[in-house]
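The values are calculated or read from the model by the stated rules, or taken from the named source; none is laboratory data. Please read these numbers as outputs of a predicted model, since none were measured by experiment. Here the Cβ positions follow ideal geometry from the backbone for every residue, glycine too, while neighbour counts run over all protein chains shown.
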Amino acid sequence: MKSTPFTQKHIALGAKMAEFAGYNMPISYSGINDEHAAVRKNAGVFDVSHMGEFILKGENALDLIQRVTTNDASKLTAGKAQYSSLPNEKGGLVDDLLVYCIEENKVYMLVVNASNIEKDWNWISQHNNKNVEMHNVSDKTGLLAIQGPNACKILQPLTDLDILNLKYYTFVKGKFAGVDNVLISATGYTGAGGVEIYFEDKDGNAEKIWNAIFEIGAASGIKPIGLGARDTLRLEMGFSLYGNDIDDTTSPLEAGLGWITKLNKPSDFVAKDIFAKQKEEGAKRKLVGFEMIERGIPRHHYQIKDAQGNVIGYVTSGTQAPSLNKAIGLGYVTVENSALDSEIFIDIRNNPVKAKVVKFPFA
Amino acid sequence: MNFPQDVKYTKDHEWIKLVDGNIALIGITDFAQGELGDIVYVDITTVGQSLNAEEVFGTVEAVKTVSDLFLPATGKVLEVNAILEKQPELVNTDPYGDGWMVKIELTDPADLDGLMSAEDYEKLVA
């Protein structure tokens, strides 16, 4: 099992640890509900150093990114980031990712899911026929997400960079907590506001940054947060999780990711024809949000049925939502059953339990 | 972690405690609640049923996961702890007390002799 720069910290702090994507990661500290509330109401720190980072450099870097991703990266100027996806040739998804424009037309950073680092690297390399310089810096890069309505306020004294006024999906680079070359971006996976902080994992940087954040945040009650609350927070926002809600077989159009599938961008890309056809014909199934009406908690892979007991889809994610105090989920259903307020039934231990399709974000 | 002496333990991390004659209370252990994390729902639909030892008598839903509940000894499920309907978190905060899950009528109280003592169970989860 691999470690992040913070694995020993998590263990020392008494976190419940488990393997995730090959890394020894904290699942929870004080409990998922407590951690979830801390992020929604105040501020919490996630170690997400397991995520993968690739640097793409050179005059053809943008061209390569345009050909392998669905969003339009030509819209990015230096200091901007975008959410995007990597389609495969069948119109499924190799991964979802963030694209950072470090230097327009020259240097980009792709941030990918930990479980897909090797797959994504191979996939992008396979399409790199114009000698774009590619570096997999995943193992040398530390990443903390500091999320919550008070996160930026707490961190601001640690840097001269203006993070209080950083716009969503933009970033700055500079000195943070005495560490040089830190990238701070107004992104995250919680919907609670805050930043993500990328830094080079060398010379004790990780230790310096972690300690500085917890020292300055102590008075405000900043807390370390595990992956368990990360999952409930993202699910309340309806953010897709690769491997659950999206995978090699799901189309971004089915998954509600039409907004990052830019069929009119000034470049051809993998599976564009398939997506164009899907858009014209309409997707046959859709990822919907639902909440339970009767008691029960939906889980990944549970079947979804209609009132007559016909299977109409399956649950991709589900939980008791800590902020909402109700059980919610995401799942694929046939398009006929996908309208808001449609009554659906989640098959929980062979019992059909009533739910209804609702808008998401849920929170 | 807490390992009371007045209950017996199973390898599935349930406890059982004789309260009166052949009437016993059943719950999950402190270790089990800690592993599951925040418990949000205890789903038991077997009241009135006679079940064998190690049969599933219900499920416990935590935020992150779901786990089956196994009966420690053969008997009839008499009652569910009604407080858990509104306060499932009692399983986390008081697993051997107010967080009990079902009351059963044992077919043979001597079945408890085959279960683990506090010392044996502590070794199992150490």
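Overview of results
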read-out	value
Residues of the range A:339-363 classified as among the basic types (Lys, Arg) and in a strand (DSSP E or B), total	2
Search result, residues across the range A:93-120 that are more than 25 Å from residue A:276 (Cβ to Cβ), part of a helix (DSSP H, G or I) and acidic (Asp, Glu)	A:118
Residues located in the range A:222-256, provided they are within 12 Å of another protein chain (Cβ to nearest Cβ) and either polar (S, T, N, Q) or at positive phi (or both)	A:232
So residue A:216, is it closer than 28 Å to residue A:145 by Cα, in contact with a helix residue (DSSP H, G or I) (Cβ under 9 Å, 6 or more places away or on another chain), surrounded by fewer than 20 Cβ atoms within 10 Å (Cβ to Cβ) and of a type in the set (A, V, I, L, M)	yes
Residue in the range A:303-315 that is within 21 Å of the chain's Cα centre (by Cα), at pLDDT below 95, crowded, with 16+ Cβ neighbours inside 10 Å and within 14 Å of chain B (Cβ to nearest Cβ) present	no
Strands (runs of 3 or more DSSP E) completely within the range A:158-227 that count 3 or more residues being within 23 Å of residue A:136 (Cα to Cα), touching a strand residue (DSSP E or B) at 6+ places or on another chain (Cβ under 7 Å) and at pLDDT 95 or above	A:171-176, A:179-185, A:194-200
Residue ID - nearest to residue A:228 (Cα to Cα), chosen from residues in the range A:1-15 that are of a type outside the set (Gly, Ala, Ser) and surrounded by 20 or more Cβ atoms within 10 Å (Cβ to Cβ)	A:10
The range B:28-69: number of residues that are within 11 Å of chain A (Cβ to nearest Cβ), within 17 Å of residue B:14 (Cα to Cα) and in a strand (DSSP E or B)	12
Search result, residues across the range A:1-60 that are free of Cβ contacts under 8 Å to residues at least 12 places away in the same chain and assigned to a loop (DSSP other than H, G, I, E, B)	A:31
Looking only at the range B:96-111, and only at residues there that are outside any strand (DSSP E or B) and within 12 Å of residue B:19 (Cβ to Cβ), the one that is modelled with the lowest pLDDT	B:109
Residues within the range B:18-40 that are over 9 Å from the mean Cα position of the chain (by Cα) and farther than 30 Å from residue A:36 by Cα, tallied	7
Scope the range A:273-320; condition charged (D, E, K, R), outside any strand (DSSP E or B) and free of Cβ contacts under 8 Å to residues at least 60 places away in the same chain; matching residues	A:273, A:277, A:279, A:280, A:281, A:284, A:295, A:299, A:306
Filter result for residue B:47 (surrounded by 14 or more Cβ atoms within 10 Å (Cβ to Cβ) and modelled with pLDDT under 95)	no
Filter result (of a type in the set (Val, Ile, Thr) and under 21 Å from the mean Cα position of the chain (by Cα)) within the range A:110-162	A:111, A:112, A:117, A:124, A:137, A:141, A:146
Scope the range A:30-39; condition crowded, with 22+ Cβ neighbours inside 10 Å and more than 10 Å from chain B (Cβ to nearest Cβ); matching residues	A:38, A:39
Test: residue in the range A:321-338 that is buried (at least 18 other Cβ atoms within 10 Å of the Cβ), among the charged types (D, E, K, R) and in a strand (DSSP E or B)	no
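Residue-by-condition table, conditions (1) touching a residue at least 60 places away in the same chain (Cβ under 8 Å); (2) loosely packed, with under 15 Cβ neighbours inside 10 Å; (3) within 27 Å of residue A:276 (Cβ to Cβ):
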site	(1), (2), (3)
A:75	no, yes, yes
A:80	yes, no, yes
A:91	yes, no, yes
A:122	no, yes, yes
A:134	yes, no, no
A:138	yes, no, no
